[in-house]
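Readers should treat all values here as calculations from the given coordinates under stated rules, not as data from a laboratory. Nothing here was measured: the structure is a model prediction, and the numbers come from that model. Neighbour counts run over all protein chains shown; Cβ positions are idealised from the backbone, glycine included.
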Number of protein chains: 2
Amino acid sequence: MSELFTVLTPPAALALFNQHFHPTPCAERIPTEDALDRVLAEPLISPQDLPNFRRSTVDGYAVYAEDTYGATAGLPAFLTVIGEAPMGQATDLELGVGEAALVHTGGMVPAGANAVVMVENTQQVDETSIEVMKPVADGENVIQIGEDIRTGDQVLAPGHHLRPQDMGGLVALGVTQVSVAVPPRVAILSTGDEVKPPDQPIGPGQVRDINSYTLSALVTRAGGVPIRYGIVPDDRSALEAAAAKAHAEADMLVLSAGSSVSYRDMSVDVIDGLGEPGVLAHGLSVRPGKPTILAVADGIPVFGLPGNPVSAMVIFDLVVAPTIRAMLGTGTLPKSQVEARLDRNIASISGREDYVQVRLEEREGERWAIPVFGKSNLIYTLVNADGTVKISLDSNGVRAGEWVTVYLH
Amino acid sequence: MSELFTVLTPPAALALFNQHFHPTPCAERIPTEDALDRVLAEPLISPQDLPNFRRSTVDGYAVYAEDTYGATAGLPAFLTVIGEAPMGQATDLELGVGEAALVHTGGMVPAGANAVVMVENTQQVDETSIEVMKPVADGENVIQIGEDIRTGDQVLAPGHHLRPQDMGGLVALGVTQVSVAVPPRVAILSTGDEVKPPDQPIGPGQVRDINSYTLSALVTRAGGVPIRYGIVPDDRSALEAAAAKAHAEADMLVLSAGSSVSYRDMSVDVIDGLGEPGVLAHGLSVRPGKPTILAVADGIPVFGLPGNPVSAMVIFDLVVAPTIRAMLGTGTLPKSQVEARLDRNIASISGREDYVQVRLEEREGERWAIPVFGKSNLIYTLVNADGTVKISLDSNGVRAGEWVTVYLH
């Protein structure tokens, strides 16, 4: 296998991968207030009606709607005020025909009332009576019991990514603890004799370990926990030992591959030896990122990413991020995207996905995407890019001036 | 002031606010590896050339390009191999005319060579000689010194939001510590006699404190540090004391206002008394969210948000989030957005911005946005929404079937 690239399209490679990898998300219970951007691991069933009392949406007078029918400024309805519903408490007021009670926004509507007249549409006659100058319909300005959510309703499904308003929704129901998916531990191994840690001076022929740090940040954004296993030298037994240790300790392995062919051959062999079924795809029809390895080793996903930073990031988004999300029991996060006009022709070939780095520029009120060309070895191609344009499998390219979707970094 | 709404359009209110609020971001030094999604506080100048040696982008032979001109499979160029450039070290090989040296991807190109022939385009003759079957141009397959970044280049500007690839870019230059903006501490005060902490049972007339938790999560997402000051009862001196404490301790105040008119009047007075110049806008021409207060009190921004969760979130995005970003010395974060066809007419009036909650649905390959109607008091209007559609100030509404931009939650 080591000499042959079994090149697959990204969808075909992912389909094969998903035949062999069946994530089993683990759950942990945490305080709701810490659950922002976590993934719900259980269905959330409402333990109560929300609201659990009839609530006024305005400041005004609770009334029996029929008492106001036909009321106008010239011919107002005259009602007797029997009291005020206090905020934050149940009221034991009970309206009879021709009666009203003062209520505040968010306050409880007394028994017997079925609507609330806004205070602006009333006029106080004396301490105990008002005139209503506009009719209200049955239910007007009242939130009914259970109108927001009913007891027993499923309010959130397992796999739901918890957003700020979901925190509010949980807290509204008194749900102060939630069961969320445990973030997968993702082992990151960098390889190559030329790669040095970032805090060391480098000499000619040496580069610093860019990919471990870029990939760690990408893992964090996808919802995983990155664990850096450092830099492994170009040596088969060293790589075998490091990969076996990571395989035993982590939930996923990401190898940022050494760049030479001999090294790539070695790493595909090492990955294949980690467990069953082993390497599933070696080579993707995608540019950049062709020398990618997808494997499953005894239930642990293993990815061999190209050493070039641009390729590594493209492939991370394409195969690693969706796998982390699947391990969390959820889908991929939506990427921010904008539409822009392409600044120049981009050629592609049918049967290959192309991912082109672009920066954005406003010209006379229109947004333009300017391809950031640069060898994919150059990290500043990525730093200078605002986003990525995808040229799909069946396309031969995009012409200058066409509108494209830019996925923002 | 308390009785009068000085209603402003959101742009006018923000312009007035920005006349009186001049953020002065503070900086702190942290390890680069912890700086994901932080905002750079200083210009980042490259301390070195990147790469700092001539690097091969392929596996092959370093050559003097002229030696390969005219080479074909039928009439190859014959070169003497003088050695192999080792990975991770400087090479002291020096090519003369008619000579070549083995190099690996990422390895150093020896002196005298000006290009690299891919190994696929060569044939080994014996231990010390090869045939080159395809010419290379001067510079081909070689990254020049400083081609990525040059010493003294500004690689990132202050105010830059650090993304995964920026981590890589910093590490590539040996920058292991960076100066980033200190996140502003945002005090969140909830108010109302009817509001109870989430871990307590509620009776009729009572609701749990939704907004403190939704707002905390929104502050976190915007890059601030939320500090919850709990629930203040509907009592002027209690509100004055809590607001004064928060004003002394935090960098920004967000009050989630009590819902009744009398309470709103009280809170505008209390906010106005916190410092100079005081309340700048009371009421925005936006739906939902009209009863919003914008103030600056002795250099501290203070926002009074509507008590309704939907309104509070709309107004947070509109005025609070941009202010937090300004305090970090940067712009607003791009929101994920998608285009969708609107499912039904939405009426608006010219001179008012409308924000409509929608959920998304695929119908026959097209994406549709279905307005989630619901009283703005209902938190599950937000929980059930996938995003927001904005109807701009000068629009009278949008017709069913039109394409709109949906800003995802």
Practice prompt. Please work out the FRET efficiency for the pair A:GLN200 and A:THR176, using the Cβ-Cβ distance as r and a Förster radius of 60 Å; give the result to the nearest 0.05.
Written response: 0.80
Practice prompt. Rank-order A:324-336, B:48-60 by packing density, defined as the average count of other C-beta atoms within 10 Å over each peptide's residues, highest first.
Written response: B:48-60, A:324-336
Worksheet item: If R0 is 25 Å, what FRET efficiency do you get for B:ASP394 and A:ARG341 from their C-beta distance, rounded to 0.05?
Response: 0.50
Response to the item:
chain A, Gaussian network, Cα under 10 Å: of A:TYR213, A:TYR380, A:TYR69, the residue fluctuating most is A:TYR69
Worksheet item: Gap in Å between the Cα centre of region A:288-306 and the Cα centre of region A:1-68?
Response: 29 Å
Worksheet item: Normalised by the number of residues in chain A, what is the relative contact order in percent for Cα pairs under 8 Å and 6+ residues apart?
Response: 16 percent
Discussion item. Could you work out the relative contact order of region A:161-291? I mean the mean sequence separation of Cα pairs under 8 Å and 6+ apart, divided by the number of residues, in percent.
Written reply: 26 percent
Discussion item. Please report Rg (one decimal) and Dmax (integer) in Å for the Cα set of region B:337-408.
Written reply: 11.7, 36
Fill in: Shielding of B:192-200 by partner chains, average beta-carbon count, 10 Å
6
Discussion item. Under the rule of at least 5 residues apart or a separate chain, name every residue whose amide H is placed under 5 Å from the amide H of B:ALA281.
Written reply: B:LEU294
Worksheet item: How much of the DSSP beta bridge set in the protein assembly as shown is antiparallel, as a percent to the nearest 5?
Response: 70 percent
Fill in: Peptide ranges A:228-238, A:347-357, A:167-177, B:391-401 listed from the most packed, as the mean C-beta count within 10 angstrom indicates
A:167-177, A:347-357, A:228-238, B:391-401
Fill in: Distance in nm between pseudo-label sites at B:ARG150 and A:GLU84 (7 Å out along the Cβ direction from Cα)
7.5 nm
Worksheet item: Once all Cα-Cα distances of region B:79-151 are split into 10 Å bins that start at 0, what whole-number percent is in each one?
Response: 19, 54, 23, 4, 0
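Shielding of B:100-111 by partners, i.e. mean partner chain Cβ atoms within 10 Å per residue?
Values: counts 0, 0, 0, 1, 10, 12, 14, 5, 5, 1, 0, 0.
Mean partner-chain Cβ count within 10 Å for B:100-111: 4.
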Discussion item. Please compute the average number of Cβ atoms from other chains found within 10 Å of each residue's Cβ in peptide A:46-52.
Written reply: 3
Discussion item. Could you work out [θ]222 nm for chain A from helices alone, using -39500 (n - 2.57) per DSSP H run of at least four and dividing by all its residues? Round to the nearest 500 deg cm²/dmol.
Written reply: -5500 deg cm²/dmol
Worksheet item: Quick one: Debye curve from the C-alpha atoms of chain A, no solvent, what's log10 I(q)/I(0) at q = 0.07, 0.12, 0.15 Å⁻¹?
Response: -0.53, -0.94, -1.27
Worksheet item: Using alpha-carbon positions, what is the distance between the centroids of region B:146-210 and region A:143-171, in Å?
Response: 26 Å
Worksheet item: For region A:229-237, in order, what is each residue's ³J(HN,Hα) by Karplus, 6.51 cos²θ - 1.76 cosθ + 1.60 with θ = phi - 60°, in whole Hz (x at glycine and Pro)?
Response: 9, x, 9, 9, x, 6, 8, 4, 5
Worksheet item: When the Kirkwood hydrodynamic radius is evaluated over all pairs of different C-alpha atoms of the protein assembly as shown, what value in angstrom, to one decimal, is obtained?
Response: 30.0 Å
Discussion item. Please compute the modelled spin-label separation between B:ALA12 and B:ILE45, points set 7 Å along Cα→Cβ, answer in nm with one decimal.
Written reply: 4.7 nm
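Using 1/(1 + (r/R0)^6) with R0 = 60 angstrom and r between the beta carbons of B:THR72 and A:TRP403, what's the FRET efficiency to the nearest 0.05? Numbers along the way, then the final one.
Values: r = 44 Å, r/R0 = 0.73.
The value I calculate is 0.85.
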Discussion item. Distance cut-off 32 Å, Cα to Cα: go down the list B:LYS245/B:LYS290; B:LYS245/B:LYS390; A:LYS196/A:LYS245 and report the pairs above it.
Written reply: B:LYS245/B:LYS390
Discussion item. Could you tell me the center-to-center distance, by alpha carbons, between region A:352-368 and region B:345-409 in angstrom?
Written reply: 28 Å
Worksheet item: How large is the charge dipole for region A:232-340, taken about the Cα centre, if only the Cβ atoms of Lys, Arg (+1) and Asp, Glu (-1) carry charge, to the nearest 20 debye?
Response: 380 debye
